[in-house]
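The values are calculated or read from the model by the stated rules, or taken from the named source; none is laboratory data. If you're wondering where the values come from, they're calculated on a predicted model, not measured in any experiment. Ideal geometry is used to build each Cβ from the backbone, glycine not excepted, and the neighbour counts take in all protein chains shown.
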Amino acid sequence: MRDDPVIIHFPAEPVAFKRTGSHGSQRFTPKKQAEFKRQFGLLAKAAMHGRGMLARPVEINMRFVYVPPKSWPGWKQVEANWKQSAPDLDNLVKSVLDAMSGIVFVDDAQVVSMTAQKYYGPAPLVVVTVAPLNEMAAKGLAIGDKQS
């Protein structure tokens, strides 16, 4: 069983999860979201380097990088840090978790610890690190919680 983390670099603008749309009784996933999921899934599979899906608790770190709008003045583009506008961070996280489920891990219910950030940078990018957790880590946390 390998304990090294899975690291996925996706050099494209992040795409947030949107609820499935419908035309009458037919339901559909927005094209941009479906394409993001497909492409991210391919990179996730490659990042697994042939190993099987993680079947134990995992910790995830997600970074979503956006390019500042060209309409902003140059000084504002240079000083831009945290992206405080849409899309919502939780929808970005959901999109990535859906893309990795069944490829990196069996089910996103295995995610027991997570950090996520969205900010501005020189190029659009999504970076995800998935680290399997062992039982000792969980026991250490439980012991620490009791002593607090």
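Observations on the structure shown:
- Filtered residue count, the stretch 71-107, keeping only those that are surrounded by 14 or more Cβ atoms within 10 Å (Cβ to Cβ) and either part of a strand (DSSP E or B) or modelled with pLDDT under 95 (or both): 4
- Scanning the stretch 40-67 for residues that are surrounded by fewer than 18 Cβ atoms within 10 Å (Cβ to Cβ) and over 21 Å from Pro5 (Cβ atoms) yields a single hit, Val67.
- Any hit, the stretch 109-117, residues being more than 27 Å from Thr29 (Cα to Cα), touching a residue at least 12 places away in the same chain (Cβ under 8 Å) and surrounded by 15 or more Cβ atoms within 10 Å (Cβ to Cβ): no
- Considered as a group, the residues in the stretch 14-38 that are within 13 Å of the chain's Cα centre (by Cα) and modelled with pLDDT of 95 or more include one that is nearest to Val126 (Cα to Cα), and that residue is Pro14.
- Of the criteria (1) within 19 Å of Val93 (Cα to Cα); (2) small (Gly, Ala, Ser); (3) touching a residue at least 12 places away in the same chain (Cβ under 8 Å), which one Ala34 fails: (3)
- Among the residues of this structure, Phe17 does not count as one that is buried (at least 16 other Cβ atoms within 10 Å of the Cβ) and part of a helix (DSSP H, G or I).
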